[in-house]
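Please read the structure below before turning to the comments.
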Amino acid sequence: QVQLRESGGGLVQAGTSLRLSCVASGRTFNKAWFRQAPGKEREFVAAIYWSSGSPTYANSVAGRFTISRDNAKNMVYLQLNSLKPEDTAVYYCAADRLMGRSVAVTPGAYDYWGQGIQVTVTS
């Protein structure tokens, strides 16, 4: 069973930046970030295709967040710029165990999940 571990969260002011990292204990393929705010469902943030690095973003973060990956290190990153209070949530890293699938925006498509890390943005 592959384990994912996120790091880099914290408490920041609106307009500033954070960089989240996620390391996998084994080989995984497509990767994604989701987030869940209190009282809300888990929502898609960004995903990246494992081979080409082609990204997909939620409309709410496009132009502000950047997803990237390092396959050699089994890592995925999320650069969060121009943070807003509405970005406050627990952010989860997710990974697909199978090669060759299309990038997905639904939580059910991913096989492995991290524990989540808190990002709090104050106004």
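The values are calculated or read from the model by the stated rules, or taken from the named source; none is laboratory data. Because the structure is predicted, anything quoted here is derived from the model rather than measured. Backbone-built Cβ (ideal geometry, glycine too); neighbour counts: all protein chains shown.
Tell me, please, whether a residue that is in contact with a Ser or Thr (Cβ under 7 Å, 6 or more places away or on another chain), hydrophobic (A, V, I, L, M, F, W, C), surrounded by 17 or more Cβ atoms within 10 Å (Cβ to Cβ) and not in a helix (DSSP H, G or I) can be found in region 78-92. Scanning region 78-92 turns up at least one residue that is in contact with a Ser or Thr (Cβ under 7 Å, 6 or more places away or on another chain), hydrophobic (A, V, I, L, M, F, W, C), surrounded by 17 or more Cβ atoms within 10 Å (Cβ to Cβ) and not in a helix (DSSP H, G or I). For region 42-59, the tally of residues that are without any contact (Cβ under 8 Å) to a residue 24 or more places away in the chain and hydroxyl-bearing (Ser, Thr, Tyr) stands at 3.
Taking residues in region 70-83 that are of a type in the set (Val, Ile, Thr), and partners anywhere that are assigned to a strand (DSSP E or B), the pairs with Cβ atoms closer than 6 Å and at least 6 places apart or on different chains are Val76/Cys22; Val76/Lys31; Val76/Arg69. For the residues Gly116, Gly9, Gly63, the requirement of being at positive phi, touching a residue at least 12 places away in the same chain (Cβ under 8 Å) and touching a strand residue (DSSP E or B) at 6+ places or on another chain (Cβ under 9 Å) singles out Gly116.
Of all the residues in region 26-65, those that are hydroxyl-bearing (Ser, Thr, Tyr), surrounded by fewer than 16 Cβ atoms within 10 Å (Cβ to Cβ) and either modelled with pLDDT under 95 or under 13 Å from the mean Cα position of the chain (by Cα) (or both) number 2.
Can you pull out the residues in region 1-25 that are modelled with pLDDT of 95 or more and assigned to a loop (DSSP other than H, G, I, E, B)?
Looking only at region 1-25, we keep the residues that are modelled with pLDDT of 95 or more, and these are 2-25.
If the condition is that a residue be modelled with pLDDT of 95 or more and assigned to a loop (DSSP other than H, G, I, E, B), then Val2, Gln3, Gly8, Gly9, Ala14, Gly15, Thr16, Ser17, Ser25 are the ones that fit.
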